[in-house]
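**Q** I am attaching a structure below and will ask some questions about it afterwards.
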Amino acid sequence: MRFMNRYINIFLLLIVVLLVSCSTTSKLKDSDVLYTGVKKINYVEDSIPLDDGVKNQIFEAINVKPNNPLWSPYYRTPFPIGLWVYNHWNSNSKGLKGWLYKLLVARPVLMSRVNPEARVDMINTLLRNNGYFTSKADYKLNYSSSNKKKASITYDIDVATPYKIGTIKYIGYNTPVCNIIDSLARDNNYLQQGNRYCLDSLNAVRIDIANYLRNRGYYYFKPEYIQYLADSVETKGVINLQLINSPDVPNMAQVKYVTNEVTATVRSGYEQANVLPDTIENRRCTLIKYNPVHIKDDVVPACLSMRRGRPFSVGSMDRTQLYLSRLGIFSNIDMQVTPLDSVTPDGNGLMDINVDCVLDKPWEVKLEMQGTSKSNSFIGPGLELGVTHKNMFGGGEKFSANINASYEWQTGKGGNDNKTDFNSYEFGTDFSLAIPRLLAPRFIDRSRRYVNWTKFALNASIMNRPDFFKMAQVGASFTWEWHANKKSLNEFTPFKLTYSKLISSTEVFDSAMIANPAIALSFNDVFIPQMQYAYTYDNDWGANHLTWNVQLTEAGNVMSGIWALAGSKGTKELFGTPFSQFMKAQTQVVWTRRLSTETSVVGRVFLGAAHAYGNSSEVPYREQFYIGGANSVRAFTVRTLGPGKYHPEAVDRYSYYDQTGTFKFETNWEYRFPIIGYFKGALFLDAGNVWLLKEDDNRPGGKLKFGDFFDSLAVGTGAGIRFDMDMLVVRADLGIGLHLPYETNKSGYYNIPRFKDGLAFHLAIGYPF
């Protein structure tokens, strides 16, 4: 075997040497030069450094991807597969080789296509547009010493002191539009003496003024109707400005319009010909329904922001479009405005508005799959099938029914070195009804800019761990979901009741529970009455995106208080079964940093804790935390780590039941990059574990101790491939274990007994976070 492995390694080494030695320029013409990226951008600056925003614009101007980019435009991967195929394969190949050629080939990015002369002109234009009038840029080519058909580019930029804004003169005409323009220009933060001259900022001022006017009735006013006269001669380094009206401003742009008739039309898209529509007069609009349509009469009018007699506003049209689209029941929404010839007694114009809505098909079906393969012989698929009716009762109500199932089996040798067939499964179903209105007290602060929801849900599931136990769970809940603003989402569940029952257990499991009373308590039949609040903050700034979620859960406290007031003592029961009492809190932060159009770094941190008290000694099993799997620490499968440094005996290694905890920390980091076409790549690093908040003699090393916190983290790395079509992402990840939290027969931080023991393959739908 060692003899064969030696020859396999030599064979692989020869393949690598052969590929590296393949030319990537053999098909280039004598005049062609292969572009290999940007070596450096040199900035030679005066006392005032170049603005970071201008540097970003310059970077975008020169950021041309070379072949096989790793971090464009500076670094490339060492394996230019696309160029090898282009230079050494026959482009007329048929069959499998022809298909592979089309899949892998990449045409060389030539210096003539990059056109560095044009890039320098773009940089100089950017510098002038941002006030750096006396600055200039240049470039040079860096030819490869081993191949003169390859070259990178170095850009040199000489940065001078930028010009400032000097005096500002306004239009000064005594008309309603000119008075508004002058007033807004005087108050604008950028249009002030001493600020750096910037053409984009001056255009932004015009856009802001035009938007203000368009939201106050002047619908036909455009930014280009405001112009600037610039004088850079009078004072060196200073540009004096004067605002003027464009000479071709039409009369319509000077007219203030008010809303007249509002008509809303609803169609199914397959209405019958020669059928008269239903016309319903509403205080907000005239509603026209072309049957057959399944929609309540008040749904569309409730989304309309325009009001008859008020100044016509573009913002009201945008809000109407937003409200209607967020209902999720229309395939097309079209809005048209028609100015009338008549005017109001005040001289204002009249504007009719027509809103045309086409209902979408009501049913949606989703299918999600995932799979896992572990070096310890655990393999198995997961499946989720769901159907949704997007307009159940004609008011945008969403009814959903989902079925999810997962199956896992273990082959090979078990912990006692005997052949085993460990087959486990989980099966569940849930039904939900979401109403696009907040049926809640008025004191809850909500925004009408967003659809707020009231949700009702029923669910049931069964978990089977052969040779150990079978557990069932049913539940019901209702939830309010509302937005305070565009960045904040609130979810409050005032009622959630879950019943958990251990259906059956084996003698092996019963013996383990007798030996471990703490775990046994978490498997007791129990009602879990809960209240829950969740808050999500979602925000973008620059190249960053941040999502923060926090969730707080209390169980049994309200019910325990009521029972106590009623005089109940000892263990309190509901329908003859004790109910659980605990507190649980968890939070997660996901941060994304875009490095370029298709590359990014994504990080996630999760922290959670749960504590039982009062009517309960232990947190219910399904409310405890676990770790591992396709969306967690990917070098290890689900529930094969923790708590803490605890590691079950070999005979129990596949039991799952005791590898949960009441405290969890997890962090994941990914570098995501393009490969070719729809294929994307990822390099990742995961770390985390679960712990117990109180000592358990039967799970030694399981309690959280901050002194050995970092050493008790399971750590894994790996790589993945994603087939990303935007609407569908199929993900394959190979996790590689680096550190186990418990003692093994190997010393040092890398304590995986054998390399293959630390490998785990996961196939899933969607990104992990």
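**Q** Scanning the stretch 192-211 for residues that are in contact (Cβ under 8 Å) with a residue 40 or more places away in the chain and part of a loop (DSSP other than H, G, I, E, B), which turns out most open to solvent (accessible area, probe 1.4 Å)?
**A** Result: Y197.
**Q** Residues of the stretch 662-684 being surrounded by fewer than 20 Cβ atoms within 10 Å (Cβ to Cβ) and closer than 29 Å to E623 by Cβ, which ones?
**A** Within the stretch 662-684, T667, W669 meet the criteria.
**Q** Related question: Specify the residue that is nearest to R216 (Cα to Cα); the eligible residues are those in the stretch 231-243 that are assigned to a strand (DSSP E or B) and open to solvent by less than 40 Å² (accessible area, probe 1.4 Å).
**A** Filtering the stretch 231-243 down to residues assigned to a strand (DSSP E or B) leaves 231, 238-243.
Adding the requirement that they be open to solvent by less than 40 Å² (accessible area, probe 1.4 Å) leaves 238-241, 243.
Values: V238: 35, I239: 32, N240: 30, L241: 27, L243: 21 Å.
Looking at residues that are assigned to a strand (DSSP E or B) and open to solvent by less than 40 Å² (accessible area, probe 1.4 Å), I get L243.
**Q** What are the pairs, 6+ residues apart or on separate chains, where a residue within the stretch 140-162 that is assigned to a loop (DSSP other than H, G, I, E, B) and open to solvent by less than 60 Å² (accessible area, probe 1.4 Å) has its Cβ under 7 Å from a residue that is of a type in the set (F, W, Y) and at pLDDT 95 or above?
**A** A160/Y132; P162/Y132; P162/Y197
**Q** Taking the residues in the stretch 716-746 that are part of a strand (DSSP E or B) and farther than 21 Å from A764 by Cβ as candidates, determine which candidate is least open to solvent (accessible area, probe 1.4 Å). Before the answer, list the steps.
**A** Taking the stretch 716-746 first, the residues part of a strand (DSSP E or B) are 716-724, 729-739.
Pick out the ones that are also farther than 21 Å from A764 by Cβ and you get 738-739.
Values: L738: 53, H739: 7 Å².
The extreme case among them is H739.
**Q** Under the condition of being surrounded by 12 or more Cβ atoms within 10 Å (Cβ to Cβ) and either free of Cβ contacts under 8 Å to residues at least 40 places away in the same chain or of a type in the set (S, T, Y) (or both), which residue from the stretch 173-190 is nearest to N129 (Cα to Cα)? Spell out the reasoning first.
**A** Filtering the stretch 173-190 for residues surrounded by 12 or more Cβ atoms within 10 Å (Cβ to Cβ) gives 173, 176-185, 188, 190.
Pick out the ones that are also either free of Cβ contacts under 8 Å to residues at least 40 places away in the same chain or of a type in the set (S, T, Y) (or both) and you get 173, 179-180, 183-184, 188, 190.
On the way: Y173: 29, N179: 28, I180: 27, S183: 26, L184: 23, N188: 20, Y190: 15 Å.
Here the answer is Y190.
**Q** In the stretch 503-525, which residue that is hydrophobic (A, V, I, L, M, F, W, C) and open to solvent by less than 40 Å² (accessible area, probe 1.4 Å) is modelled with the lowest pLDDT? Explain how you work it out, then say what you get.
**A** Step one: list which residues in the stretch 503-525 are hydrophobic (A, V, I, L, M, F, W, C), which gives 503, 508-509, 512-515, 518-521, 523.
From what is left, the residues that are open to solvent by less than 40 Å² (accessible area, probe 1.4 Å) are 509, 512-513, 518-520, 523.
Working: F509: 83, A512: 78, M513: 82, A518: 72, I519: 75, A520: 79, F523: 81.
Taking the candidates together, the pick is A518.
**Q** Moving on to the next point. Residue by residue through the stretch 563-622, note down the ones that are open to solvent by 30 Å² or more (accessible area, probe 1.4 Å), part of a loop (DSSP other than H, G, I, E, B) and within 23 Å of F684 (Cα to Cα).
**A** L595, T597, E598
**Q** Filter the stretch 721-766 down to the residues that are among the aromatic types (F, W, Y), in contact with a strand residue (DSSP E or B) (Cβ under 6 Å, 6 or more places away or on another chain) and in contact (Cβ under 8 Å) with a residue 24 or more places away in the chain and list them by number.
**A** Correct list: F723, F761.
**Q** What is the one condition in (1) open to solvent by less than 40 Å² (accessible area, probe 1.4 Å); (2) assigned to a strand (DSSP E or B); (3) under 30 Å from S316 (Cβ atoms) that Y450 does not satisfy?
**A** The one condition Y450 does not meet is (2).
**Q** Out of F575, F625, I need the residue that is modelled with pLDDT of 90 or more and touching a strand residue (DSSP E or B) at 6+ places or on another chain (Cβ under 8 Å). Which one?
**A** Criteria check complete, one pass: F625.
**Q** Looking only at the stretch 703-715, filter to residues that are modelled with pLDDT of 90 or more and more than 30 Å from K680 (Cα to Cα); which one of those is least open to solvent (accessible area, probe 1.4 Å)? Write out each step before concluding.
**A** Applying the first criterion (modelled with pLDDT of 90 or more) to the stretch 703-715 yields 703-705, 709-715.
Then keep just the ones that are more than 30 Å from K680 (Cα to Cα); that gives 703-705, 709-712.
On the way: K703: 76, L704: 25, K705: 113, F709: 29, F710: 154, D711: 67, S712: 2 Å².
Here the residue is S712.
**Q** Still on this structure, please answer the following. I'd like to check something: does the stretch 479-486 contain any residue that is modelled with pLDDT under 85, surrounded by 13 or more Cβ atoms within 10 Å (Cβ to Cβ), over 38 Å from the mean Cα position of the chain (by Cα) and part of a strand (DSSP E or B)?
**A** No, there is no match, as no residue in the stretch 479-486 is modelled with pLDDT under 85, surrounded by 13 or more Cβ atoms within 10 Å (Cβ to Cβ), over 38 Å from the mean Cα position of the chain (by Cα) and part of a strand (DSSP E or B).
**Q** Is there a residue in the stretch 253-260 that is closer than 30 Å to F399 by Cα, open to solvent by 30 Å² or more (accessible area, probe 1.4 Å) and out of contact with any strand residue (DSSP E or B) (no Cβ under 8 Å at 6 or more places or on another chain)?
**A** Residues of the stretch 253-260 that are closer than 30 Å to F399 by Cα, as a first pass: none.
Taking every residue of the stretch 253-260 in turn, none turns out to be closer than 30 Å to F399 by Cα, open to solvent by 30 Å² or more (accessible area, probe 1.4 Å) and out of contact with any strand residue (DSSP E or B) (no Cβ under 8 Å at 6 or more places or on another chain).
**Q** Of the residues that sit in the stretch 422-447 and are assigned to a strand (DSSP E or B), open to solvent by 40 Å² or more (accessible area, probe 1.4 Å) and modelled with pLDDT under 90, which one is farthest from Q321 (Cα to Cα)?
**A** Ranking the qualifying residues of the stretch 422-447, first place goes to N423.
**Q** Considering only residues of the stretch 685-702 that are among the acidic types (D, E) and loosely packed, with under 15 Cβ neighbours inside 10 Å, which is farthest from S600 (Cα to Cα)? Give the steps one after another, and end with the answer.
**A** Our first condition is that a residue be among the acidic types (D, E); within the stretch 685-702, this holds for 686, 695-697.
Checking the rest, the ones that are also loosely packed, with under 15 Cβ neighbours inside 10 Å come to 695, 697.
Details: E695: 42, D697: 45 Å.
That would be D697.
**Q** If you check V633, V619, which single one turns out to be out of contact with any Gly (no Cβ under 7 Å at 6 or more places or on another chain) and β-branched (V, I, T)? Outline the logic, then answer.
**A** Numbers: V633 fails: out of contact with any Gly (no Cβ under 7 Å at 6 or more places or on another chain).
Step by step, each of V633, V619 is checked, and only V619 is out of contact with any Gly (no Cβ under 7 Å at 6 or more places or on another chain) and β-branched (V, I, T).
**Q** How many residues does the stretch 163-191 hold that are part of a strand (DSSP E or B) and farther than 30 Å from E45 by Cβ? Lay out the reasoning, then the answer.
**A** Step one: filter the stretch 163-191 for residues part of a strand (DSSP E or B), giving 164-169.
Imposing the further condition that a residue be farther than 30 Å from E45 by Cβ reduces the set to 169.
So the answer is 1.
**Q** Something else about it: Among the helices (runs of 4 or more DSSP H) confined wholly to the stretch 74-116, which include 1 or more residues that are open to solvent by less than 60 Å² (accessible area, probe 1.4 Å), touching a residue at least 40 places away in the same chain (Cβ under 8 Å) and among the aromatic types (F, W, Y)? Spell out the reasoning first.
**A** On the way: elements: 81-88, 95-104, 111-114.
Correct list: 81-88.
The values are calculated or read from the model by the stated rules, or taken from the named source; none is laboratory data. Remember, predicted model here, so these are calculated numbers, not experimental data. When we count neighbours, we look across all protein chains shown, and the Cβ atoms used for this are built from the backbone with ideal geometry, even at glycine. With ligands, DNA and RNA removed, areas are computed over all heavy atoms of the protein, side chains included. Shrake-Rupley method; radii C 1.70, N 1.55, O 1.52, S 1.80 Å.
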